[in-house]
Amino acid sequence: MTSPERRFFAFPGPFCYSCSATPVTSWLRRSWIMLDRYALRALAVCSILLLTPALAPAQTPRTPIRPDATVFFTDLRDGAVIPPKLTIKFGASNLDVVAAAVAKANSGHHHLLIDSPVPPLGEPIPSDPGHLHFGRGQTEAELVLAPGPHTLQLLLGDQDHVPHNPPIMSAVIHVTVSDKATAPGRTASLPDAEVYFIGLSNGSVVPQNLTVRFGLRNMGVAPAGVVKAGTGHHHLIIDRPAPALGEPIASDPNHLHFGRGETEKKITLTPGRHTLQLVLGDQDHIPHDPPVMSQRIEVRVVRPHRQRRW
C-alpha cells in the first residue's frame with residue numbers, strides 16, 4: 001500500500017525502488033541532468049563568442065586625414081612608354097609629406113606599389129620589391145624596371161605605415177618599359193601665352209584671408225594628366241623663387257598645385273610681406289617651353305581692424 005507521502009506525489013510511471021526514489025525525485029533528477037547538459041553547451045558557446053575577438057587578427061587604428069588630400073605622379077601618365085631606368089617624382093596636395101614615425105596631423109609618407117594590388121587598408125603596408133617605402137619623406141625614386149608592361153600606384157601611409165582613413169592613393173597607371181624610350185621632356189607653350197593675377201598687383205595691401213584669382217591668355221586650362229596641345233594648369237608659388245624649368249614643380253605649402261583646373265584659391269597668409277607668382281604647368285606639372293609665368297609680385301598682409309567698444 002502506498003504511503004500518504006507517496007500517494008500525495010503519485011505520478012504516472014514506475015517507482016525507482018533501487019534508490020528508494022519517488023517518481024517526483026526521479027523526474028527532478030532527470031530534469032537536472034538535462035539542464036546541466038544545456039548549461040554546459042551554453043557555456044561553451046559563450047566562451048567561443050567571447051574568445052573569437054581576442055583570437056582574430058588585431059586591426060591597427062587608421063589615422064584620419066583630409067578627404068581632399070591627393071597623391072599623384074608628377075612626371076608620368078597612364079599609357080606612358082618609359083626607359084628601363086627612370087626617376088619618378090611623387091606629388092601631394094592638401095597634406096604634408098613627412099618621415100615615417102612622425103605623428104603629425106594631416107601628413108604621411110609615400111609608398112610605391114609596383115605590379116601589386118592595394119594591400120589591406122587596416123594593416124601596415126608590406127615592404128618588398130612590389131611595395132617600396134619612402135620613410136624618410138622622399139618625393140622621388142629612381143626605378144629600374146624590366147622591359148614590358150607594368151602598373152604603378154602611389155599609396156600614402158601614416159607614421160605606422162598604415163593607410164589613412166580615408167585612404168589616399170593615386171590612380172593606377174599602366175606603363176610600358178622599352179629600351180628605345182626616352183625620359184619625358186618639356187611641353188611647348190603657345191606664342192604670346194600669358195598668365196597673371198586678377199585684381200592683384202605688386203604692392204597690394206591685402207587681408208590675411210583672401211581669394212587669389214588666376215588669369216590666362218592665349219592658352220587653355222586643363223586638369224593635370226590631360227594631354228592636350230596649348231593647355232596647362234596653374235601653380236601658385238608663395239615666398240619662393242621660380243621653380244626649376246626642367247623638373248616637375250614641387251608640391252608643398254609654398255608650391256600649391258591646382259591639378260583639377262581651378263582658377264582661384266582662398267589662402268591665409270600671416271601679417272607682413274609675401275611674394276606671389278603664378279606658373280603654368282603641363283600635364284606632368286613641368287613648366288612649358290618657353291615657360292608661362294606671371295610677374296613675381298609682393299603684397300603686404302594686414303590684420304583686420306577691431307571695432308572699439310564704447
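Would you tally the residues in region 265-282 being over 17 Å from Q208 (Cβ atoms) and in contact with a Ser or Thr (Cβ under 7 Å, 6 or more places away or on another chain)?
To start, the set of residues in region 265-282 that are over 17 Å from Q208 (Cβ atoms) comprises 277-282.
Those left that are additionally in contact with a Ser or Thr (Cβ under 7 Å, 6 or more places away or on another chain): 277-278, 282.
Residues meeting the conditions: 3.
Quick one: count up the residues across region 269-282 that are part of a strand (DSSP E or B) and not hydrophobic (A, V, I, L, M, F, W, C).
Qualifying residue count for the region: 6.
How about region 136-170: which of its residues are aliphatic (A, V, I, L, M) and exposed (fewer than 15 other Cβ atoms within 10 Å of the Cβ)?
The answer is A141, V144, A146.
Would you check if there is a residue in region 298-310 being free of Cβ contacts under 8 Å to residues at least 40 places away in the same chain, part of a loop (DSSP other than H, G, I, E, B), closer than 20 Å to R77 by Cβ and not acidic (D, E)?
no
In region 196-230, what residues are open to solvent by 20 Å² or more (accessible area, probe 1.4 Å) and closer than 30 Å to G79 by Cβ?
L216, N218, M219, G220, V221, P223, A224, G225, V226, V227, K228, A229
Residues of region 220-268 being part of a strand (DSSP E or B), touching a His at 6+ places or on another chain (Cβ under 7 Å), aliphatic (A, V, I, L, M) and touching a residue at least 40 places away in the same chain (Cβ under 8 Å), which ones?
V221, I237, L256
Taking region 285-310 as the search range and keeping residues that are modelled with pLDDT of 90 or more and more than 30 Å from A188 (Cα to Cα), which one is most open to solvent (accessible area, probe 1.4 Å)?
It comes out as R300.
All but one of (1) surrounded by fewer than 16 Cβ atoms within 10 Å (Cβ to Cβ); (2) at pLDDT below 95; (3) within 19 Å of the chain's Cα centre (by Cα) hold for P117; which doesn't?
(2)
The values are calculated or read from the model by the stated rules, or taken from the named source; none is laboratory data. Everything numeric here is computed off the predicted structure, so don't read it as measured data. Neighbour counts run over all protein chains shown; Cβ positions are idealised from the backbone, glycine included. Ligands, DNA and RNA are stripped out before the accessible areas are found, and what is left, the full protein with its side chains, is counted by its heavy atoms. Shrake-Rupley method; radii C 1.70, N 1.55, O 1.52, S 1.80 Å.
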